[in-house]
Structures are given as structure tokens and as C-alpha cells.
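First the structure, in the form of C-alpha cells, and then the observations on it.
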Amino acid sequence: MLEFDAARCRTNVRKAETGDLLDRITVFREDLEPGAVPIIERELRDRGIDALAISQYEQKRPRIKASAGYVLKCSLCHRPAINQAWGWHKMWGFLPVFPRLMRWCEEHQPRSDAN
Ligand SMILES: [Zn+2]
């Protein structure tokens, strides 16, 4: 088990996008190292986001959960998924190989007119 590296965490947090930090501190809070929580909260406070704004974000952020209770991630990025469906896993990005349960966040959700 690696020891928690607070300095490294701070560097990482400082470079992260605000939306990413908000997701980590709310939707994916259970995945965080306990030591990372105050670092992220402090960084958000420095960016002008207080506890109230964080809890509002948590309430409004759409996401879907696995039956085990944890929040599912988008198959293409680290944001919370809002939708899932069977799709084809594509080799090299275009050659369909095998069906796979795909999940998408708001940004990666396939447009209905894409077919
Ligand atoms: Zn995504």
C-alpha cells in the first residue's frame, strides 16, 4: 500500500479543472484518499467555491449508479456516466470487435442523430 503523498496530491489538484475537482469531492468522494479531501476542499475555496456551492453541485450533478451502489464512470473519461447501453467495442477506433456495455457522461453521450 502506497503512502499518501500530500505534496503530489496538491500539485495534481492545483492543475485540475474545477469541474473535475467538484466531481471528485462529491460524486466520487468514496474513491478519494482521506487525505485528499481537505486538499481539494481548500483548493475549491481558493477558487471561490464554498461548501454550499459544493453541496448544490452534488445534488444537481446527474449520474447513474451500479447495483452495488457506487457511481459509474463514463467509458471514455473520468466524469460520472449518465447513460449506458450496449455498444461495439471498436478496435483502433473503428473496427467493431465485441459488444461492450458502454457508459457515457453528458459530454460523450452519443447524439441521437449519429446513427
Ligand atoms: Zn465522458
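The values are calculated or read from the model by the stated rules, or taken from the named source; none is laboratory data. Note that the structure is predicted; figures quoted are calculated from it, not measured. Here the Cβ positions follow ideal geometry from the backbone for every residue, glycine too, while neighbour counts run over all protein chains shown. These area figures cover heavy atoms from the full protein model, side chains too; ligands, DNA and RNA do not enter into them. Shrake-Rupley method; radii C 1.70, N 1.55, O 1.52, S 1.80 Å.
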Original post:
Efficiency by 1/(1 + (r/R0)^6): what FRET value for residue 9 and residue 98, r their Cβ-Cβ distance, R0 = 35 Å, to the nearest 0.05?
Top reply: 0.40
Subject >> Contact order normalised by residue count of segment 6-60, Cα under 8 Å, 6+ apart, percent >> reply: 41
Subject >> Set of lysines with alpha-carbon distance to residue 65 below 26 Å, sequence-local pairs under 8 removed >> reply: 73, 90
Subject >> Estimated inter-spin distance, residue 20 and residue 75, nm [label 7 Å along Cα→Cβ] >> reply: 2.3
**OP:** Using a 1.4 Å probe and ignoring any ligands, DNA or RNA, find the accessible area of residue 106 and quote it in Å² to the nearest 10.
**Re:** 100
Original post:
Say each of residue 90 and residue 50 gets a label point 7 Å from the Cα, pointing the same way as Cα to Cβ; how far apart are those two points in nm?
Top reply: 4.6
Original post:
Roughly speaking, what % of Cα-Cα pairs in the chain are separated by over 21 Å, rounded to a whole number?
Top reply: 48
**OP:** Based on a Kirkwood Rh over C-alpha pairs, give the Stokes-Einstein translational diffusion coefficient of segment 6-60 at 10 °C and viscosity 1.306 mPa s in µm²/s.
**Re:** 144
Original post:
If you wrap a convex hull around the Cα atoms of segment 63-115, how much volume per residue is inside, in Å³?
Top reply: 90
Subject >> Accessible area, probe 1.4 Å, largest first, for residues 70, 57 >> reply: 70, 57
**OP:** Quote the charge dipole size of the chain about the Cα centre in Debye, to the nearest 20; the model charges only the Cβ of Lys and Arg (+1) and of Asp and Glu (-1).
**Re:** 280
Original post:
For segment 63-115, with every protein chain kept in place, what is the accessible area per residue (1.4 Å probe, Å²)?
Top reply: 76
